[in-house]
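The values are calculated or read from the model by the stated rules, or taken from the named source; none is laboratory data. Quantities reported herein were computed from a predicted structural model and do not represent experimental measurements. Here Cβ is always computed from backbone atoms with ideal geometry, including for glycine, and neighbour counts include all displayed protein chains. When the accessible area is computed, the model is the full protein with side chains, heavy atoms only, and any ligands, DNA or RNA have been set aside. Shrake-Rupley method; radii C 1.70, N 1.55, O 1.52, S 1.80 Å.
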Amino acid sequence: MKIGVLGFQGDIEEHVAATKEALKKLKIDGSVAVVKTPDELREIDALIIPGGESTVIGGLALFNKSLSVIKDRIRNGMPVLGTCAGMIMLANRTYDRVVGETKQPLLAVLDVLVERNSFGRQRESFETELEVSINGLEKLKGVFIRAPSIREVNQGIETLAKLDGQVVAVRQNNIIGTCFHPELSGDTRLHEYFVKTIGS
Ligand code: GLN
């Protein structure tokens, strides 16, 4: 099993470390590599899109022609985990309360409407305990940094976690998106959950 972490911008190394740890805990023989080019993206079995700045990740992915490759691969069933900016990249539509609809390159494979910077800016970042609806994973520490929220969840989408009634993690078949950063929480259980979905 070869898992790629999209390497344009954001907390790439943190995802590499958390994924390696998850593979080790699950005793799964697999590798984790930072990927960027269309060729590298064609060779992986699953992809993680890190948190960071979605306009930068999207702009660079468009520029080097990997955006359409990622989109095709996800549409053809490749498992993908997007965290924070990574989740924004997956969304069909995004807006910001201040500037309105954000015209930015997106993968548009996850049928949700996302509000960017929904919990405020950098200094309003926080950590909190989340209610999670994944078997065996009922509570999780959520690290929120200039985090988005999921405003509309369309048909066929499973809610995985909520915060004060707001949806903050979803799954649509092979696609998992979180508004928070499991890679920064020191807890690899969400990565383990993702790894287990690969090949299933
Ligand atoms: N606010 C960032 C964006 O809109 C996301 C922040 C993050 O990934 N921590 O892309």
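Quick notes on this structure:
- Relative packing of 154-163, 58-67, 11-20, which averages over residues the other C-beta atoms within 10 Å, highest first: 11-20, 58-67, 154-163
- Heavy-atom surface of segment 11-57, accessible at 1.4 Å and reported per residue (Å²): 49
- Global geometry of segment 119-200, whether rounded, prolate or oblate, following the gyration tensor of its Cα atoms and the 1.5 cut on a/c: oblate
- Here segment 60-183 has 46 percent of its accessible surface on carbon and sulfur atoms, given a 1.4 Å probe and all protein chains in place.
- Cross-link pairs beyond the 21 Å C-alpha cut-off, checked among Lys27/Lys71; Lys2/Lys141; Lys20/Lys71; Lys25/Lys139: Lys27/Lys71; Lys2/Lys141; Lys20/Lys71
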